[in-house]
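Nothing in this text is a laboratory measurement; each read-out follows from the coordinates by a stated rule. Since the structure is predicted, the reported quantities are computational estimates derived from the model, not experimental observations. Using ideal geometry, Cβ is built from the backbone for each residue, glycine included, and neighbour counts are taken over all protein chains shown.
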Amino acid sequence: MRVALGVSGGVAAYKAAELVRRLQQEKLDVQVVMTRGAQEFITPLTFAALAGNKVITSLFGEKEAPANVESAVEHIAVAQRIDLLVVAPATADILAKLANGIADDFLTTLYLATKAPVIVAPAMNVNMWEHPATQKNIETLRARAVHVVQPDEGYLACGMVGPGRLAGTEAIANAICETLGLRHDLEGLTVLVTAGPTVEDVDPVRVLTNRSSGKMGYALADAAARRRAHVILISGPTELHAPAEVDWLPVRSTEEMHRAVRERASAADVVIMAAAVADYRPASAESKKIKRGVGKMMLELEPTADILAELGRDKSARILVGFAAETDHLAENARHKLAAKGADIIVANDVTQEGAGFDTDTNIVTLFSRNGRETALPKMSKFDVANRILDHVAGLRLAQLGKGVK
């Protein structure tokens, strides 16, 4: 998710650097926009180093560079790609401009151009904060659904005492997380996720595998980590990079995945089997390449370990989620798998549907729960699907705690 952080010209501008660090802990991509006044208190270089992105300081590009079309319309591009605009600190001047639709720099123009939610965290002298003009501007912004993070009370930089001090970093971060729907409901839990395909050797050249890209499993690992879980990601071969702060364990064959899951499942509170595990493997792999013949060739296959069923037989209090990639009779097959494997949830999708098959960035799934609940989700990004699955997992966890299950 992308957040634009507007920094306006007050002594509290330096605290915005702490906020950037805090937002990075939530794995948010932060684009800093500074007003001219803000640059009198802290340099753009500081934010560029912290956020890892170019800091925008002017509506028409850098002072030493000629104005160009790209810089002149950059506020539109930023406005369209952000998920949230935050202004912290928000001075009395910037609040007045936002409330009255004045667009004379990049930040104020961005405010008018974006359809994303907006949060402001005011910071100023107590008399400026309590002035009727400022309070009227605050009322105007609230009426437009702008979320205002109330300033703290205490000693101010001017030496006065009262409300007007920038709210604490955690208070602003909490408002951002709430607005973006970021949750920490898996904090303290260990979530084991399997992802990607498995590969079974036929000979030194040929293999049996499937079309799984691993995107769904990696999205689940990323989403669980953002919700503060300790995540173990056991992955078959993919071209994906493991999310940060995830314990990543690469495997290749079904048996390797079987061993890895078996060794780590006892430490997990939740196991999500999103990998497309091979159901069969060659009874014996040839040590040399099989040469082409003139007739038919028979390949003898044997079943692989049923990892999900094993976990279901020894589930205890662990929450177990399985996946079912189907091409027909989706509901019937998913309900059968739910019962047969002993899972709490089966996530089923029809891979023949456009936007729900392998190697796509979207998915269309139905969640089948052991309590009989069935939740059909529309097409959405795999990250959004992952969060909907984790919502169900968090609900099951709360139910367990309510029953005294640890």
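Annotations for the structure displayed:
- Proximal lysines relative to Lys54, as straight alpha-carbon distance under 25 Å, when same-chain residues fewer than 8 apart are discounted: Lys15, Lys27, Lys63, Lys97, Lys115
- Global geometry of segment 231-355, whether rounded, prolate or oblate, following the gyration tensor of its Cα atoms and the 1.5 cut on a/c: prolate
- Dividing the mean sequence gap of close Cα pairs (under 8 Å, 6+ apart) by how many residues the chain holds gives a relative contact order of 10 percent.
- (1) 24.3; (2) 22.3; (3) 23.3, with the label sought being that of the calculated Kirkwood radius over Cα pairs in Å: (1)
- Lysines whose Cα lies under 23 Å from that of Lys341, excluding same-chain neighbours fewer than 8 positions away: Lys315, Lys406
- For segment 328-404, the percent of C-alpha pairs falling in each 10 Å distance bin, counted from 0 to the bin holding the largest distance, reads 19, 47, 29, 5, 0.
- Relative contact order of segment 200-342, pairs being alpha-carbon contacts under 8 Å that are 6 or more residues apart, as %: 25
- Neighbour-limited loop hits for trypsin sites (Lys or Arg not before Pro), segment 209-277 (at most 13 other Cβ within 10 Å; DSSP other than H, G, I, E, B): Arg211
- Highest average packing first - 179-186, 8-15, Cβ atoms within 10 Å: 8-15, 179-186
- Cα-based shape type of segment 290-368, given that a ≥ b ≥ c are square roots of the gyration tensor eigenvalues and the cut on a/c is 1.5: oblate
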